[in-house]
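*Asks:* What follows is a structure written as structure tokens; I'll ask about it next.
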Amino acid sequence: MIEVHLKTGVDEAGTPLLTEIQAKRLVIPGSAPLLQPGNDVANLLTHLAEPAQIPFNRFCKVGTEFTYIQQAIEAMHVSGDGRFTAACREILEATLGVRKALLTTSCTHALEMAALLLDIKPGDEVIVPSFTFVSTANAFVLRGARPVFADIRPDTLNIDETRLERLITPRTRAIVPVHYAGVGCEMDAIMEIAARRNVAVVEDNAHGLYGLYRNQPLGTFGSLAALSFHETKNFTCGEGGALLINAPQYVERAEIVREKGTNRKRFFRGEVDRYSWVDIGSSYLLSEILAAVLYAQLEERQQIQAKRKQVWEFYQEHLDDWAVKNGVGLPYVSPHCQSAYHLFYILLRDAAQRQKLIDHLKDRGIFSVFHYQPLHLSDMGRQFGGAQGDCPVTETVSERLLRLPFYNGLDEADLTRVVHGIHSFRF
């Protein structure tokens, strides 16, 4: 909203100009430079008539972030493992029921810790979906493992559990299911196969915090799981992550790996009289300033999730008939799953049609984006033997999928604009 009282005059050529401005509120991005005496009234009115852009993603603060940041600074503890880190850990452990939650600098680093804890070595194989972010594979490749790329289901876009068995060899050390869009993989089947073949399961739960599979939280099935608190995620501190530990045998070593390979945590608990280098590791601690931001977000987890559910359901309700009429795919949530409402996508006919819709929406100030490219067809993926046709569902989905604007601050007017923009697209 903007409330402005203007007085106008004319220049020597008779062009209306601003002569005096009384503004009570200015919240239209980019409008302030135009509100200057001597500016052309027509240009001002044209600018004010233009709707604000709707980005694909936007950081949405809950209101207590600055207060908690100030408290962290005033406490003179801004490195890792302070009061706010402990508070975040307690929330995650209590709400998920995990054995241990360790904040990290990113989900990528949480996955790297998982690879270290599993003692992944050169020659080992790790099964990952090809339709995922590069970190899912790279964390294990860094330890010398060979990624084995699995295709995805055409409905949920999660790893196809029916194809796992044929990918397992005597060298397979882990399966890494990714809960795409916050919808759970078929964990019953995956865990049964893993147990029978003596293979570890590491959940990449970057999308799925507070999603459920058969009423059990995602991230609590595998021995280890990774969370993301990147800016695009439901709960964010800009850059951050967490390692969830469900298998007790990994807890003590995880603390050591996270603390640069030292037993520093045992020292602070008074269990040893000094700490020293006892294992390999790295610096994976999240700063206390970022933990303060994250704590503010996790405190409001129910409100955030409720808002994201509203956004997701608005898209679903208002695009359903349009999608059926035009042969467009919408997200599928299995009946035994509860989504974490991380993102909303549509599946178009092909890459050309997708690009036309991207351009169509962009012309209307609405920004939409595609998602993962097949890892098995990337330069690195081909070095590990990936070839065209290996993962046919991944190959077609990656060319057709389009993500719509999705963040906590979207209101009904924004969502209506997005839906109207899509409805006005001509196939």
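*Asks:* Within region 360-384, count every residue that is more than 22 Å from T232 (Cβ to Cβ) and out of contact with any helix residue (DSSP H, G or I) (no Cβ under 6 Å at 6 or more places or on another chain).
*Replies:* 9
*Asks:* Then there is this: Is it true that some residue in region 353-375 is within 23 Å of the chain's Cα centre (by Cα), part of a helix (DSSP H, G or I) and closer than 30 Å to L142 by Cβ?
*Replies:* yes
*Asks:* State the number of residues belonging to region 258-283 that are in contact (Cβ under 8 Å) with a residue 12 or more places away in the chain, under 19 Å from R83 (Cβ atoms) and not basic (K, R).
*Replies:* 1
*Asks:* So which residues in region 182-231 are under 20 Å from K100 (Cβ atoms) and in a loop (DSSP other than H, G, I, E, B), if there are any at all?
*Replies:* N205, A206, G208, L209, Y210, L218, G219, T220, F221, G222, S223, F229
*Asks:* Only one residue in Y295, Y250 is hydroxyl-bearing (S, T, Y), more than 16 Å from L92 (Cα to Cα) and outside any loop (DSSP other than H, G, I, E, B). Which one?
*Replies:* Numbers: Y295 fails: more than 16 Å from L92 (Cα to Cα).
Only one candidate qualifies: Y250.
*Asks:* Going by what's in this entry, would G222 be described as closer than 27 Å to L92 by Cβ, under 19 Å from the mean Cα position of the chain (by Cα) and either in the same structural domain as S283 (by TED's automatic domain parsing) or of a type in the set (D, E) (or both)?
*Replies:* On the way: closer than 27 Å to L92 by Cβ: yes; under 19 Å from the mean Cα position of the chain (by Cα): no; either in the same structural domain as S283 (by TED's automatic domain parsing) or of a type in the set (D, E) (or both): yes.
When the stated conditions are applied, G222 does not pass them.
*Asks:* Can you tell me which of (1) out of contact with any His (no Cβ under 9 Å at 6 or more places or on another chain); (2) within 24 Å of A72 (Cα to Cα); (3) surrounded by 14 or more Cβ atoms within 10 Å (Cβ to Cβ) is the one L243 doesn't meet?
*Replies:* Unmet for L243, out of (1) out of contact with any His (no Cβ under 9 Å at 6 or more places or on another chain); (2) within 24 Å of A72 (Cα to Cα); (3) surrounded by 14 or more Cβ atoms within 10 Å (Cβ to Cβ): (1).
*Asks:* Now a separate question. So, in region 177-195, of the ones that are free of Cβ contacts under 8 Å to residues at least 60 places away in the same chain and touching a strand residue (DSSP E or B) at 6+ places or on another chain (Cβ under 6 Å), which residue ends up farthest from M380 (Cα to Cα)?
*Replies:* Selected residue: M187.
*Asks:* Follow-up question, since we're still on this one. Which of the residues that make up region 263-278 are modelled with pLDDT of 90 or more and under 31 Å from the mean Cα position of the chain (by Cα)?
*Replies:* Matches in region 263-278: none.
*Asks:* Still on this model: Is it the case that S106 is in contact (Cβ under 8 Å) with a residue 24 or more places away in the chain and either touching a Leu at 6+ places or on another chain (Cβ under 6 Å) or surrounded by fewer than 16 Cβ atoms within 10 Å (Cβ to Cβ) (or both)?
*Replies:* Values: in contact (Cβ under 8 Å) with a residue 24 or more places away in the chain: yes; either touching a Leu at 6+ places or on another chain (Cβ under 6 Å) or surrounded by fewer than 16 Cβ atoms within 10 Å (Cβ to Cβ) (or both): no.
Here the answer is no, as S106 does not meet what is asked.
*Asks:* What are the pairs, 6+ residues apart or on separate chains, where a residue within region 298-322 that is over 14 Å from G63 (Cβ atoms) and at pLDDT 95 or above has its Cβ under 9 Å from a residue that is among the polar types (S, T, N, Q) and exposed (fewer than 14 other Cβ atoms within 10 Å of the Cβ)?
*Replies:* Hits for this filter: F314/T416; H318/T416.
*Asks:* Against the conditions (1) under 20 Å from H371 (Cβ atoms); (2) hydroxyl-bearing (S, T, Y); (3) not in a helix (DSSP H, G or I), where does Y275 fall short? Just the number, please.
*Replies:* So Y275 meets the others, but not (1).
The values are calculated or read from the model by the stated rules, or taken from the named source; none is laboratory data. This structure is a prediction, so every number in the text was calculated from the model and none was measured. Because the Cβ atoms are built from the backbone with ideal geometry, glycine has one as well, and the counts that use them run over all protein chains shown.
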